[in-house]
Amino acid sequence: MDGGKAFPELGGAVAPPPGVPGLDIDPFSEAFFADPYPDHARLRDTAPFVWLIKYGIGAIARYEDVRKVLLDWETFSSARGVGMADFAKHGRFRLPSIILESDPPQHTRSRAVLNKTLSFLVMKSLRETFAAEADRMIDELVEKREFDGCAELAEAFPLRVFPDAIGMNREGRDNLLPYGDMVFNSFGPPNQRFLASATRAEAAFTWVETQAQRENLSPDGFGQICYQAADKGEVTHKEAAMLVRAILTAGVDTTVNGIGAVLFALARFPGEWRKLRENRSLARPAFEEAIRFESPVQTFFRTVTRPTTLDGHPLAEGDKILMFLGAANRDPLKWENPDTFDIERPVAGHVGFGVGIHACVGQLLARLEGEVVLDAMARKIGTIEVTGEPERRFNNTLRGLKKLPLRVTAV
Ligand code: OVV
């Protein structure tokens with residue numbers, strides 16, 4: 001592991017500051033992951049700013065507050081890490097990301113390059129290939145009739161199209177999911193879940209660094225766009241490698257859980273599946289609504305840079321704040337029937353991709369993947385049903401399944 005201490009020393013029953021309600025919720029426990037919604041409601045209903053006693057950390061779960069903090073990057077910094085660990089106090093377990101874990105002006109330079117790398121025009125160039133792969137994959141699954149919606153579709157599709165599109169080697173692609181799983185676990189507390197995933201992905205550290213080098217990316221993959229920007233002096237060549245690392249880290253587990261979310265939702269809400277079959281232009285809105293409904297990325301932290309207040313409570317420089325994106329996306333003060341999956345609702349403004357300068361830079365890629373899969377399904381599948389108990393995959397940041405037994409019929 002590179003840089004600093006491997007695991008931060010954190011947490012430990014810190015009493016709330018005067019006037020801030022303390023809650024005994026552990027948002028990084030399996031009990032919470034199994035059904036976060038009652039606790040999300042407690043977090044939202046108790047007060048705008050609450051205290052998580054177990055970790056000694058302040059938290060926000062209402063839509064308006066989460067949005068406000070996300071938009072105010074000057075007060076709520078990402079540069080000391082967007083996980084529970086504060087880089088300034090606890091060290092870091094990998095080299096910081098120059099996009100995720102940075103503020104302007106560094107962030108602005110990094111972001112400009114990734115905006116180009118993952119632009120609308122680049123996505124347009126990928127669409128035909130992605131759609132053809134989705135068609136092929138759905139044809140096979142319809143033929144099979146019964147399959148695991150996770151392994152055989154939600155994971156299989158991104159793993160089929162993403163590595164080729166960025167221009168990766170054939171070897172080592174199996175590192176992508178364990179590496180992402182570890183990094184997304186690292187944003188939570190240093191619990192057993194994180195330690196176990198770090199052990200599993202130990203070898204992936206050097207692999208990801210090597211894979212991000214220019215000579216290991218094919219000339220026609222979109223990873224090269226980062227290096228072309230470096231040739232023009234927009235970032236250094238070392239930074240280009242760091243930006244490719246960011247795409248490799250953030251680009252797979254997220255889309256896997258996004259596609260998993262929409263499959264699971266459509267299987268549980270047959271009325272919505274019917275609407276999609278009747279009107280394929282709902283493919284993109286359906287994916288978007290699934291991002292709101294399940295919030296594959298559940299939480300991120302920020303670090304306070306200067307004295308400020310939240311709900312009237314003073315915050316000091318160095319305080320960490322936990323933002324519940326998933327709770328904000330189901331806040332009844334913002335959303336009508338928030339717990340209903342409705343592919344025709346006005347879903348704009350959800351914070352599943354964040355908002356502000358750090359809003360997901362890969363969201364066009366995520367939407368493209370979601371859309372082509374749903375479009376192929378709507379043309380080829382008649383009915384979808386869940387045939388067995390779905391199993392959750394537990395991660396400190398990501399919400400999703402590891403198993404989703406499905407049966408489909410042809411149209
Ligand atoms: C959004 C995200 C998640 C995980 C890693 C990164 C970004 C990164 O920049 O490395």
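Values quoted throughout were computed directly from the atomic coordinates according to the rules given, and no laboratory measurement underlies them. None of these values were measured; they are calculated from a predicted model. Here the Cβ is made from the backbone with ideal geometry for all residues, glycine too, and neighbour counts use every protein chain on show.
Rounded to the nearest Hz, the phi-derived 3J(HN,Hα) couplings of the range 214-229 under the Karplus curve 6.51 cos²θ - 1.76 cosθ + 1.60 (θ = phi - 60°) are 3, 5, 9, 10, 5, x, 9, x, 6, x, 4, 4, 4, 6, 5, 5, where x marks glycine and proline. I need the trypsin sites (Lys or Arg not before Pro) found in the range 169-216, filtered to DSSP loop residues with at most 10 other beta carbons within 10 Å of theirs. Filter output for the range 169-216: R170.
Over the range 37-155, with a single point scatterer placed on each C-alpha, what log10 of the ratio I(q)/I(0) does the Debye formula yield at q = 0.14 1/Å? The computed values of log10 I(q)/I(0) come out as -0.95. When the chain is treated as a Gaussian network with alpha carbon springs shorter than 10 Å, the biggest mean-square fluctuation among V20, V244, V183 belongs to V20. Under a 5 Å amide H cut-off, with hydrogens placed 1.01 Å from N, F300 pairs with M323, L325 among residues at least 5 apart or on other chains. Annotation: peptides 318-330, 376-388, ranked by per-residue average of other Cβ atoms within 10 Å with the highest first, follow the order 318-330, 376-388.
Separation of the range 245-278 from the range 371-411 is 8 Å, based on Cα centroids. Considering only Q224, Q298, Q192, the mean-square fluctuation computed in a Gaussian network model of the chain, springs between alpha carbons under 10 angstrom, is largest for Q192. Distance from the alpha carbon centroid of the range 288-360 to that of the range 115-159 works out to 28 angstrom. Roughly what % of Cα-Cα distances in the range 370-411 sit above 14 Å, to the whole percent? Of all Cα-Cα pairs in the range 370-411, 61 percent lie more than 14 Å apart. Three semi-axes describe the equivalent ellipsoid of the range 119-256; taken as square roots of 5 times the Cα gyration tensor eigenvalues and ordered largest first, they are 26, 23, 12 Å. Hull surface divided by four, with the convex hull built on the Cα atoms of the range 300-366: how many nm²? For the Cα atoms of the range 300-366, the hull's average projected area reads 6.0 nm². Across A31, A283, A201, mean-square fluctuation computed from a Gaussian network of the chain (C-alpha pairs under 10 Å connected) peaks at A31. Kirkwood's formula applied to the C-alpha pairs of the range 339-411 gives a hydrodynamic radius of 15.2 angstrom. Distances longer than 21 Å among the Cα atoms of the range 267-411: what percent of all pairs is that? Of the Cα pairs, 54 percent sit more than 21 Å apart. Evaluated on the range 192-348, the Kirkwood hydrodynamic radius is 19.4 Å, with distances taken between all distinct Cα atoms.
Taking every Cα-Cα distance in the range 239-305 and sorting them into 10 Å bins from zero, the calculated P(r) comes out as 18, 36, 26, 14, 5, 0 percent. Could you list log10 I(q)/I(0) for the range 174-241 at q = 0.13, 0.18, 0.20, 0.29 Å⁻¹, which the Debye formula gives when each Cα is one point scatterer? At q = 0.13, 0.18, 0.20, 0.29 Å⁻¹ the computed log10 ratios are -0.48, -0.74, -0.82, -1.13. Along its principal axes, the range 90-176 has C-alpha extents of 52, 35, 22 angstrom, given from the largest down. Distances between every pair of Cα atoms in the chain, grouped in 10 Å steps from 0 to the bin holding the largest one, split as 5, 23, 33, 26, 12, 2, 0 percent.
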